[in-house]
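Structure below; questions to follow.
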Amino acid sequence: MDHSGHGMMDLPPFTLERGLQWSADPFFLVACLLGLALYGWGVVRLRRRGDSWPVGRTVAYVIGVLTVVLVMCTGLNDYGMVMFSVHMVQHMVISMLSPILILLGAPVTLALRALPVVKGRKGPRELLLMLLHSHYMRVITHPLFTIPMFIASLYALYFTPLFDFLMGSKTGHVAMMVHFLAVGLVFFWPIMGVDPGPNRSGYLMRMLQLFAGMPFHAFFGIALMMATAPMVETFLHPPASLGIDALTDQNAAGGIAWAFSEIPSVLVLLALLFQWYGSEQRQARRQDRAAERDGDKELEAYNAYLASLNAQGN
């Protein structure tokens, strides 16, 4: 099977300008436009009702979707079929950056607040709630599923014939990219998603979940950087017009994978610390309000307890 073809034999050498030219994948273009339109509809609906929705969430979501457009609807998608390094940029962005930004946009929360409550029958909101509370959701967002899945979608794909099979067709390539995005969403959602989810551990556990996946990611990058022979058949014979060497390109791909594993870690860690701080503040405010309501009963009880200990001690 000749992979160097794809009808792209005449791609000129890669430059950033060529990589960023518009070249839309129809599936991703429609999906991204739909995603933006639905989110916009939700925000407008809340506003009309007099409810607020944080601007930061909207910004994060829009940028998240635009990062998908950036790697799937430009020349990067064409070059990604024949250049390992460009493919790796696509993979990293769509599995590590896009999901984090989309999740920070809290699309599920928005949907639950914007969709109308249907009395007596199951509307979209009721179906979404059912899905969120389903056993299936609990399984696919559990760390024992998400972490191995996150790791396997690197090793089991690139180091088996599955990758070459999927890269053999446009459909396979799209399916692989959808898979990367889905794995990223499912991996990061229990860790730092704003949305309600079935598996929500404490903040410390979530940081451990984050760091459980990352070393494997870095090691995958190092394996590609250190390899002395091309490991993936798809990129074995790059079109001559590109003027690149398969091994050099693969080493570059490894460098991209390695460097990229740090970026989401930092982003997620910041988001987590921010959320943690916010929840501590809310907790403190709740205690203050409770104290105002009951005239510091808790404090009085504590002082009385200390006094009683003191009396026993004498």
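The values are calculated or read from the model by the stated rules, or taken from the named source; none is laboratory data. Quick caveat: nothing in here was measured; it's all calculated off a predicted structure. Note: ideal-geometry Cβ built from the backbone for every residue, glycine included; neighbour counts use all protein chains shown. Side chains included, ligands, DNA and RNA excluded: accessible areas come from the protein's heavy atoms. Shrake-Rupley method; radii C 1.70, N 1.55, O 1.52, S 1.80 Å.
Check off (1) within 30 Å of Ala111 (Cα to Cα); (2) acidic (Asp, Glu); (3) assigned to a helix (DSSP H, G or I) for Asp195 and give me the number that stays unchecked.
(3)
Looking only at the range 240-253, decide whether some residue is within 29 Å of Pro143 (Cα to Cα) and assigned to a helix (DSSP H, G or I).
Looking through the range 240-253, at least one residue is within 29 Å of Pro143 (Cα to Cα) and assigned to a helix (DSSP H, G or I).
Which residue pairs have Cβ atoms under 8 Å apart, sit 6 or more places apart or on different chains, and have a first residue in the range 287-310 that is without any contact (Cβ under 8 Å) to a residue 24 or more places away in the chain and a second that is open to solvent by 60 Å² or more (accessible area, probe 1.4 Å) and acidic (Asp, Glu)?
From the range 287-310, the pairs are Ala290/Glu298; Ala291/Glu298.
Here's another thing I want to ask about it. Between a first residue in the range 26-49 that is in contact (Cβ under 8 Å) with a residue 24 or more places away in the chain and in a helix (DSSP H, G or I) and a second residue that is crowded, with 18+ Cβ neighbours inside 10 Å and basic (Lys, Arg), which pairs have beta carbons less than 9 Å apart while being 6 or more apart in sequence or on different chains?
Pairs found: Val43/Arg57.
Taking the conditions exactly as written (open to solvent by less than 30 Å² (accessible area, probe 1.4 Å) and hydrophobic (A, V, I, L, M, F, W, C)), does Phe150 satisfy them or not?
In short, yes.
If the Cβ limit is 7 Å and pairs must be 6+ apart or interchain, which residue in the range 235-253 that is charged (D, E, K, R) pairs with which residue that is crowded, with 19+ Cβ neighbours inside 10 Å?
Within 7 Å, the pairs are Asp249/Met83; Asp249/Phe84; Asp249/Ser85; Asp249/Phe235; Asp249/Pro238.
Give me the pairs, please: first residue somewhere in the range 205-216 and closer than 15 Å to Ser261 by Cβ, second residue anywhere and outside any helix (DSSP H, G or I) and open to solvent by less than 100 Å² (accessible area, probe 1.4 Å), beta-carbon distance under 6 Å, and either six or more positions apart or on two chains.
Every condition considered, the pairs that remain are Met214/Ser261.
Right, next: I'm checking my understanding of the structure. Among residues of the range 136-147 that are part of a helix (DSSP H, G or I) and in contact with a helix residue (DSSP H, G or I) (Cβ under 9 Å, 6 or more places away or on another chain), which one is surrounded by the fewest Cβ atoms within 10 Å (Cβ to Cβ)?
Out of the qualifying residues, it is Val139.
Shifting gears a bit: Quick one: which residue in Arg121, Arg138, Arg113 is over 20 Å from Val30 (Cβ atoms), out of contact with any Leu (no Cβ under 8 Å at 6 or more places or on another chain) and touching a residue at least 60 places away in the same chain (Cβ under 8 Å)?
Arg138
Now, a different point. Would you call Leu204 over 17 Å from the mean Cα position of the chain (by Cα) and either of a type in the set (D, E, K, R) or farther than 30 Å from Ile191 by Cβ (or both)?
For Leu204, the condition - over 17 Å from the mean Cα position of the chain (by Cα) and either of a type in the set (D, E, K, R) or farther than 30 Å from Ile191 by Cβ (or both) - is not met.
Give the residue, chosen from Ile256, Ile222, that is of a type in the set (Val, Ile, Thr), in contact (Cβ under 8 Å) with a residue 12 or more places away in the chain, surrounded by fewer than 16 Cβ atoms within 10 Å (Cβ to Cβ) and not in a loop (DSSP other than H, G, I, E, B).
The unique qualifying residue is Ile222.
Can you find a residue that is in contact with an Asp or Glu (Cβ under 9 Å, 6 or more places away or on another chain), part of a helix (DSSP H, G or I), open to solvent by 30 Å² or more (accessible area, probe 1.4 Å) and not aliphatic (A, V, I, L, M) anywhere in the range 209-218?
Checking the range 209-218: not a single residue is in contact with an Asp or Glu (Cβ under 9 Å, 6 or more places away or on another chain), part of a helix (DSSP H, G or I), open to solvent by 30 Å² or more (accessible area, probe 1.4 Å) and not aliphatic (A, V, I, L, M).
Mind checking which residues of the range 170-189 are surrounded by fewer than 16 Cβ atoms within 10 Å (Cβ to Cβ) and either of a type in the set (Ser, Thr, Tyr) or within 13 Å of Met92 (Cβ to Cβ) (or both)?
Correct list: Thr171 only.
Of all residues in the range 284-305 being open to solvent by less than 80 Å² (accessible area, probe 1.4 Å) and either touching a Lys or Arg at 6+ places or on another chain (Cβ under 8 Å) or in a helix (DSSP H, G or I) (or both), which is nearest to Trp189 (Cα to Cα)?
Ala284
Picking from Met231, Met205, which residue would you name as being open to solvent by 50 Å² or more (accessible area, probe 1.4 Å), part of a loop (DSSP other than H, G, I, E, B) and hydrophobic (A, V, I, L, M, F, W, C)?
Of Met231, Met205, the one residue that is open to solvent by 50 Å² or more (accessible area, probe 1.4 Å), part of a loop (DSSP other than H, G, I, E, B) and hydrophobic (A, V, I, L, M, F, W, C) is Met231.
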